[in-house]
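The values are calculated or read from the model by the stated rules, or taken from the named source; none is laboratory data. Just so it is clear, the model here is predicted, and its values are computed rather than measured. Reconstructed Cβ throughout: ideal geometry from the backbone, glycine too, with neighbour counts over all protein chains shown.
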Amino acid sequence: MNPKYTNEWMTLPSQIMEKKCGLAFSSQELLGIIIVLSSLILLCLLAGIWVTCSMYRGEDAKQHNQTSSHDNNDMKALANVLDEITDASMYNKSSTSSLFDLFDTIDHIYTRVNSSSYYQSLFIKKLIDKKFAGLCVTILNLNSDELMHCHNKWQAFTCALHGLNSYMDVSQELCQDALQAGIIHSLAPLLLQTSYLEILETNNSILSLFQTITRIFLHIAEIDELKHYLENYDCCKILLHVANCTKNGILRALTFLVVAQIGNDKIIKYPFNIHDSSILFRLYYDASTSKDKTAHGIDQSELLNGFLALGQLENKYYNGANN
């Protein structure tokens with residue numbers, strides 16, 4: 001046999017076994033390397049995810065801290081503004097520009113914090129702690145005389161009135177504070193003032209004044225524990241007189257909503273017509289389709305409660321008239 005072939009091709013059985021074992025060991029090594037590399041890749045991925053999440057958490061925390069700081073600054077600014085209004089109400093420093101700017105600042109602060117229920121509650125609590133309702137009533141009383149003849153008094157009066165209307169709508173305690181400060185005693189006589197009733201149909205400022213006063217009365221009438229204050233002042237009779245003096249659909253709708261709430265245990269005849277019913281349904285439609293569920297300053301819930309109360313009032317009058 002050719003030695004060349006013997007050396008290269010003739011292998012002993014023990015040598016063959018060694019080569020097979022060597023090949024098997026290399027496969028295990030390769031498998032181990034693959035497992036190690038896969039583990040390293042997985043760890044890198046996990047580390048990347050952790051770093052990314054940490055960055056987002058950090059940004060969220062930073063944004064939250066910035067928002068909290070901003071809201072806290074708003075609360076401090078609100079306290080300062082309320083102190084200035086206190087000074088204005090105590091010393092009658094109710095100039096047009098100063099009071100308008102102060103109430104406008106309060107409104108802007110409320111708009112900023114209103115998206116957070118926590119800071120909204122802090123906002124209302126701050127108003128209550130600073131006796132905001134009482135301050136507004138004081139300003140109303142200081143400026144109620146000769147409203148139509150003094151621009152500064154008119155501006156001061158309307159600033160305080162709109163301020164009360166805005167926040168009594170969201171706080172029963174503010175309604176209670178306003179009642180204790182004498183809000184009905186301050187406003188109800190204005191609805192009976194002949195000089196105002198005579199120009200109610202032609203003067204938009206007086207019309208707006210009557211609508212805002214009636215909205216404030218509606219906020220009170222919606223609270224069962226408080227509506228007796230309106231009954232005690234005979235507000236049903238006052239508001240029905242206003243309804244008889246105007247053809248404005250919004251004002252008439254407001255008066256009927258209040259009368260229905262505070263007179264639901266009485267038999268009352270009120271000048272409600274088909275036009276009034278169409279106005280109420282239109283208001284309900286507009287409120288139900290609006291983002292804040294209000295129409296002309298009337299909540300959708302107030303309209304629903306009003307429909308129910310008006311139906312009960314009509315039913316009592318009909319049954320009483322037939323008995």
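If you check ASP299, ASP276, ASP265, which single one turns out to be more than 24 Å from ASN204 (Cβ to Cβ) and either crowded, with 20+ Cβ neighbours inside 10 Å or at pLDDT below 90 (or both)?
From the options ASP299, ASP276, ASP265, the qualifying one is ASP265.
Restricted to region 31-86, and to residues that are of a type in the set (Val, Ile, Thr) and either under 30 Å from LEU164 (Cβ atoms) or in contact with a Pro (Cβ under 8 Å, 6 or more places away or on another chain) (or both), which residue is modelled with the highest pLDDT?
Our first condition is that a residue be of a type in the set (Val, Ile, Thr); within region 31-86, this holds for 33-36, 41, 49, 51-52, 67, 81, 85-86.
Subset that is either under 30 Å from LEU164 (Cβ atoms) or in contact with a Pro (Cβ under 8 Å, 6 or more places away or on another chain) (or both): 67, 81, 85-86.
Working: THR67: 46, VAL81: 85, ILE85: 79, THR86: 79.
The residue in question is VAL81.
Of the conditions (1) at pLDDT below 75; (2) assigned to a helix (DSSP H, G or I); (3) out of contact with any helix residue (DSSP H, G or I) (no Cβ under 7 Å at 6 or more places or on another chain), ASP145 clears all except one; give me its number.
Result: ASP145 passes all but (2).
Please enumerate the residues belonging to region 134-156 that are touching a residue at least 60 places away in the same chain (Cβ under 8 Å) and polar (S, T, N, Q).
None; the set is empty.
So is ASP292 of a type in the set (Asp, Glu) and without any contact (Cβ under 8 Å) to a residue 12 or more places away in the chain or not? Show your work before the answer.
Values: of a type in the set (Asp, Glu): yes; without any contact (Cβ under 8 Å) to a residue 12 or more places away in the chain: yes.
Judged against the criteria, ASP292 is a match.
Go through (1) touching a Gly at 6+ places or on another chain (Cβ under 8 Å); (2) at positive phi and name the single condition LYS293 misses.
It is condition (1) that LYS293 fails.
What number of residues within region 103-146 are surrounded by 19 or more Cβ atoms within 10 Å (Cβ to Cβ) and more than 22 Å from LEU179 (Cα to Cα)?
4
Filter region 87-131 down to the residues that are at pLDDT below 85, charged (D, E, K, R) and not in a helix (DSSP H, G or I) and list them by number.
LYS93
For residues that are buried (at least 22 other Cβ atoms within 10 Å of the Cβ) and of a type outside the set (A, V, I, L, M), scanning just region 211-221, find the one that is nearest to the chain's Cα centre (by Cα).
Taking the candidates together, the pick is HIS219.
When only residues in region 194-210 that are not in a helix (DSSP H, G or I) and not hydroxyl-bearing (Ser, Thr, Tyr) count, which is farthest from the chain's Cα centre (by Cα)?
Of the residues in region 194-210, the ones not in a helix (DSSP H, G or I) are 199-203.
Narrowing the set further to residues that are not hydroxyl-bearing (Ser, Thr, Tyr) leaves 199-201, 203.
Working: ILE199: 34, LEU200: 31, GLU201: 32, ASN203: 31 Å.
Ranking the qualifying residues of region 194-210, first place goes to ILE199.
Read through the list (1) touching a Leu at 6+ places or on another chain (Cβ under 7 Å); (2) surrounded by fewer than 16 Cβ atoms within 10 Å (Cβ to Cβ); (3) of a type in the set (S, T, N, Q), then give the number of the only condition that GLN176 fails.
Every condition holds for GLN176 apart from (2).
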